2 protein chains.
Amino acid sequence: MTQPTAQANQASQEALPRQHRHYSIGELARMFEVTPRTIRFYEQEGLLAPRREGQKRIYREKDRVRLKLTLRGKRLGFSLAEIREVVMMYDAMPDGNARQLWRLLEILADKRANLERQLEDIRLMRLELDDVDHRAREVLRNLGHEA
Amino acid sequence: MTQPTAQANQASQEALPRQHRHYSIGELARMFEVTPRTIRFYEQEGLLAPRREGQKRIYREKDRVRLKLTLRGKRLGFSLAEIREVVMMYDAMPDGNARQLWRLLEILADKRANLERQLEDIRLMRLELDDVDHRAREVLRNLGHEA
DNA sequence: CAAGCACTTTACGTTAACGTAAACCTCGTC
DNA sequence: GACGAGGTTTACGTTAACGTAAAGTGCTTG
């Protein structure tokens, strides 16, 4: 009764252009292979801020993108606090004062430096893996000849 | 008295070829900017196994390399358990049976896949950072013109 | 209307990776 | 012989990032 918006759009989700779609927490969870708990946790940590329709959380396209970015950050080893730092400042940008913006640039440079080091680490790690791989195959070959 | 090896090499550390040097826990800690506690913890987790000279831990070149690899793995977001998995199998390689070796190859492929995904993640993350950076500078420029 | 989903809140539990503190040895040196 | 710098063990504390369980709400479907 108090939510007149809930009556019009029922099963028409598929037809809507992606920009205007919205998602339930379960949908998002399945999309990204995380649990609803995780998504709620990210909200609690200030990384997401979905609308409500009554009790239920309604996620819009923007929220989906944020979640995607968050998970990508996680895969790269960033903490939720670090991710939030960037994400929130990004949102505060339009009306941000100069100090905040400079601070943001600082943080960005920092993250970038981090990424560059990771690239180097990956390069080196690859070499190590190749090496171990070669040795292992070698040993396997010899085992074959002995038997 | 019980350690006759301790008498010969006192201050001659610098002159020794790197292969034969050995390190105290404090030295290693400073080299890699971690605490001794961290190094002891890694030992306890089976990632390091230094010699003892009486009570004290003596780290050889091999240990130093292991620590380096461990920390690199950590920077890439691997857990100590994952790192141990590779490191220990690497050591067990020479006399490893075929099953173990195949398992090792499996793990290596897994890690490599992980690295490849990280590369893609880094590429995307860089683009995002560039974007935010550009916007921030834009806003700053406009602030300058207003004031 | 009972049953079954999908969602909600609240709250306590868990794991990894160390930090921190206390209490002790052991050496070179002042 | 006191002492400071480094090392040792033991053990409890902490933080991040969720997991898990309990109990309730709201819809729709047989």
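The values are calculated or read from the model by the stated rules, or taken from the named source; none is laboratory data. All values derive from a computational prediction rather than experimental measurement. Cβ coordinates were reconstructed from backbone atoms using ideal geometry, including for glycine residues, and neighbour counts include every protein chain displayed. What goes into the accessible areas is simple: the full protein's heavy atoms, side chains included, and nothing from ligands, DNA or RNA. Shrake-Rupley method; radii C 1.70, N 1.55, O 1.52, S 1.80 Å.
A few points about this structure:
- Less than 5 angstrom separates the built amide H of B:Leu48 from those of B:Glu43, all sequence-distant by 5 or more or on a different chain.
- For segment B:60-85, heavy-atom accessible area (probe 1.4 Å) falls by no less than 20 Å² from the chain alone to the full protein assembly at B:Leu69, B:Arg72, B:Arg75, B:Leu76.
- Report summary: the helix-based calculation at 222 nm, which adds -39500 (n - 2.57) for every DSSP H run with n ≥ 4 and divides by the residues of chain B, gives -22000 deg cm²/dmol.
- Measuring between their Cα centroids, segment A:40-78 and segment B:92-145 lie 21 Å from each other.
- Within a Gaussian network of chain B (alpha carbon springs, distance under 10 Å), most fluctuating of B:Ala109, B:Ala81, B:Ala136: B:Ala136
- Stokes-Einstein D for chain A, Kirkwood Rh over Cα pairs, 20 °C, 1.002 mPa s (µm²/s): 111 µm²/s
- Segment A:74-84 - phi-based ³J(HN,Hα) in whole Hz, Karplus 6.51/-1.76/1.60, Gly and Pro as x: 4, 4, 8, x, 6, 7, 4, 4, 5, 4, 4
- Partner chain coverage, peptide A:105-116 - average Cβ within 10 angstrom: 3
- Per residue, the protein assembly as shown exposes an accessible area of 64 Å² to a 1.4 Å probe, with every protein chain left in place.
- Computed from the Cβ-Cβ distance with R0 of 41 Å, the FRET efficiency linking B:Lys62 to A:Glu53 stands at 0.10.
- Carbon plus sulfur fraction of accessible area for the protein assembly as shown, probe 1.4 Å, in percent: 51 percent
- Fluctuation leader among A:Arg126, A:Arg57, A:Arg117 - chain A, Gaussian network, Cα springs under 10 angstrom: A:Arg126
- The residue list A:Leu104, B:Leu140, A:Leu47 was ranked by how far each Cα lies along the charge dipole of the protein assembly as shown toward its positive end, using unit charges on Cβ atoms, and A:Leu47 comes out on top.
- In this structure, the amide hydrogen of B:Ile58, modeled 1.01 Å from its nitrogen in the peptide plane, lies closer than 5 angstrom to those of B:Arg51, B:Arg52, B:Glu53, counting only residues at least 5 positions away or on a different chain.
- Start at zero, step by 10 Å, and the Cα-Cα distances of the protein assembly as shown spread as 5, 19, 22, 21, 16, 10, 5, 2, 0 percent across the bins.
- Debye equation applied to the C-alpha atoms of segment A:11-76, log10 I(q)/I(0) at 0.15 Å⁻¹: -0.45
- Computed over every Cα-Cα pair of segment A:92-147 and binned at 10 Å starting from 0, the pair-distance distribution P(r) comes out as 20, 21, 17, 15, 12, 9, 5, 1 percent.
- Karplus 3J(HN,Hα) series, Hz, for segment A:109-121 with 6.51 cos²θ - 1.76 cosθ + 1.60 (x for Gly, Pro): 4, 4, 4, 4, 4, 4, 4, 4, 5, 5, 4, 4, 4
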